[in-house]
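> Okay, here's the structure, questions in a sec.
The values are calculated or read from the model by the stated rules, or taken from the named source; none is laboratory data. Quick caveat: nothing in here was measured; it's all calculated off a predicted structure. Ideal geometry is used to build each Cβ from the backbone, glycine not excepted, and the neighbour counts take in all protein chains shown.
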Amino acid sequence: MTQLQRQDIEYFHDGVRMVGAFRSPANDGRSRPGVLVVHGAGGLNEHVIGCAERIAALGYAVLAIDLWGDRRLLTNPADIGPMLGRFAGDRGLWMGRFEAARVALASQPGVDEARIGAVGYCFGGATVLEHVRTAGRLQGVVSFHGGLDLVADDWSSAGRGTAVLICTGAEDPMAKPADLDRVQHAMTGAGIRWEADLYSHAKHAFTEPDRPGMPPFAAYDARADRRSWNAMRSFFEEVFAG
């Protein structure tokens with residue numbers, strides 16, 4: 001089993017303190033690719049940190065970022081809509097906080113700042129796609145059951161050197177066929193190198209364990225979880241190999 005170093009990393013954007021969870025194989029003097037992991041609506045919870053640790057065990061330096069600030073967790077559904085609306089309504093804030101995390105990861109010892117990617121879950125999946133759309137500086141991003149309905153249409157400033165993998169469920173109301181088609185066509189027009197994996201019968205949040213209070217449009221799907229994880233592994237192996 002890979003021995004991981006674990007620490008919290010504090011960083012700031014526009015006066016707001018954020019606390020990310022850094023996970024990486026023990027420092028052996030080698031320069032490693034970095035991966036940002038972006039949480040969904042609930043915030044940087046233990047499930048997301050666990051995903052970051054699994055990715056770090058593949059040999060990457062990983063920062064699970066804190067979009068909401070101060071490690072805030074949203075457990076009340078009444079708080080989620082306003083938070084998502086705030087970020088969707090202020091893309092400068094949204095991308096500014098993501099960029100602050102990218103800089104924080106790139107500055108860590110042993111991280112190859114020329115080889116950084118990102119993985120996003122749910123709202124995080126929309127986040128990584130928005131970063132590419134707005135001239136992001138990453139080699140590759142993976143969107144797991146991302147909210148494609150939140151991704152805007154203007155890709156004229158897109159980071160054309162970034163590869164994209166979208167893993168989405170065929171029964172996800174936040175990634176309807178029209179939105180998937182819209183995003184695919186926009187990326188093609190912008191010269192983005194992309195691929196999309198569509199899983200039959202899979203709902204929203206298919207990588208997350210079922211839990212009490214989970215909305216009816218979301219459910220764990222073992223097949224989609226396994227296949228999307230394997231797709232991500234192959235994707236990053238290729239992207240970071242150059």
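> Using beta carbons and a limit of 9 Å, which pairs, at least six apart or on different chains, have the first residue in the range 7-21 and within 16 Å of Ala61 (Cα to Cα) and the second one among the basic types (Lys, Arg) and buried (at least 19 other Cβ atoms within 10 Å of the Cβ)?
Close Cβ pairs satisfying both conditions: Gln7/Arg23.
> Tell me, please, whether a residue that is touching a residue at least 40 places away in the same chain (Cβ under 8 Å) and either exposed (fewer than 14 other Cβ atoms within 10 Å of the Cβ) or in a loop (DSSP other than H, G, I, E, B) (or both) can be found in the range 152-166.
yes
> Suppose we keep only residues that are touching a residue at least 24 places away in the same chain (Cβ under 8 Å) and charged (D, E, K, R) within the range 167-184. Which one would you say is nearest to Ser200 (Cα to Cα)?
So, considering only residues that are touching a residue at least 24 places away in the same chain (Cβ under 8 Å) and charged (D, E, K, R), the one nearest to Ser200 (Cα to Cα) is Glu171.
> What number of residues within the range 22-47 are surrounded by 24 or more Cβ atoms within 10 Å (Cβ to Cβ) and part of a helix (DSSP H, G or I)?
0
> Among the residues of the range 142-163, write down those that are in contact with a Leu (Cβ under 7 Å, 6 or more places away or on another chain) and closer than 19 Å to Val62 by Cβ.
Passing the criteria: Val142, Ser143, Gly146, Thr162.
> Out of Met174, Met187, I need the residue that is under 18 Å from Gly120 (Cβ atoms), over 17 Å from the mean Cα position of the chain (by Cα), surrounded by 12 or more Cβ atoms within 10 Å (Cβ to Cβ) and modelled with pLDDT of 95 or more. Which one?
Every option except Met187 fails the conditions.
> Residues that are part of a strand (DSSP E or B) and surrounded by fewer than 12 Cβ atoms within 10 Å (Cβ to Cβ): does the range 57-66 have at least one?
Let us first name the residues in the range 57-66 that are part of a strand (DSSP E or B), namely 61-64.
Okay, now just the ones that are also surrounded by fewer than 12 Cβ atoms within 10 Å (Cβ to Cβ), so none.
No: zero hits.
> Which ones in the range 189-232 are out of contact with any helix residue (DSSP H, G or I) (no Cβ under 9 Å at 6 or more places or on another chain) and either touching a residue at least 60 places away in the same chain (Cβ under 8 Å) or assigned to a helix (DSSP H, G or I) (or both)?
Gly189, His204, Ala205, Ala222, Arg223, Ala224, Asp225, Arg226, Arg227, Ser228, Asn230, Ala231
> Restricting to the range 100-131, what's the tally of residues that are charged (D, E, K, R), touching a residue at least 40 places away in the same chain (Cβ under 8 Å) and assigned to a helix (DSSP H, G or I)? Write out each step before concluding.
Pass one, the range 100-131, residues charged (D, E, K, R): 102, 112-113, 115, 130.
In the following step, the residues that additionally are touching a residue at least 40 places away in the same chain (Cβ under 8 Å) were identified as 102, 112-113, 115.
So of that shortlist, the ones also assigned to a helix (DSSP H, G or I) come out as 102.
Residues meeting the conditions: 1.
> State all residues of the range 26-36 that are in contact with a Lys or Arg (Cβ under 9 Å, 6 or more places away or on another chain) and at pLDDT 95 or above; if no residue qualifies, say none.
Matches in the range 26-36: Arg32, Pro33, Gly34, Leu36.
Table: residues versus (1) over 23 Å from Ala78 (Cα atoms); (2) surrounded by fewer than 18 Cβ atoms within 10 Å (Cβ to Cβ).
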site	(1), (2)
Lys203	no, no
Pro209	no, yes
Pro212	no, yes
Pro215	no, yes
Tyr220	no, yes
Arg223	yes, yes
Arg226	yes, yes
Phe236	yes, no
Val239	yes, no
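> Inside the range 93-151, can you point out the residues that are among the polar types (S, T, N, Q) and either crowded, with 22+ Cβ neighbours inside 10 Å or closer than 21 Å to Asn230 by Cβ (or both)? Steps first, answer last, please.
Of the residues in the range 93-151, the ones among the polar types (S, T, N, Q) are 107-108, 127, 134, 139, 143.
Across the range 93-151, the qualifying residues are Thr127, Gln139, Ser143.
> A further question follows. If you take the residues of the range 190-201 that are under 23 Å from Ile116 (Cβ atoms) and touching a strand residue (DSSP E or B) at 6+ places or on another chain (Cβ under 7 Å), which of them is surrounded by the fewest Cβ atoms within 10 Å (Cβ to Cβ)? Spell out how you get there, then give the answer.
Going residue by residue through the range 190-201, those that are under 23 Å from Ile116 (Cβ atoms) are 190-197.
So of that shortlist, the ones also touching a strand residue (DSSP E or B) at 6+ places or on another chain (Cβ under 7 Å) come out as 192-197.
Values: Ile192: 21, Arg193: 14, Trp194: 18, Glu195: 12, Ala196: 17, Asp197: 17.
The selected residue is Glu195.
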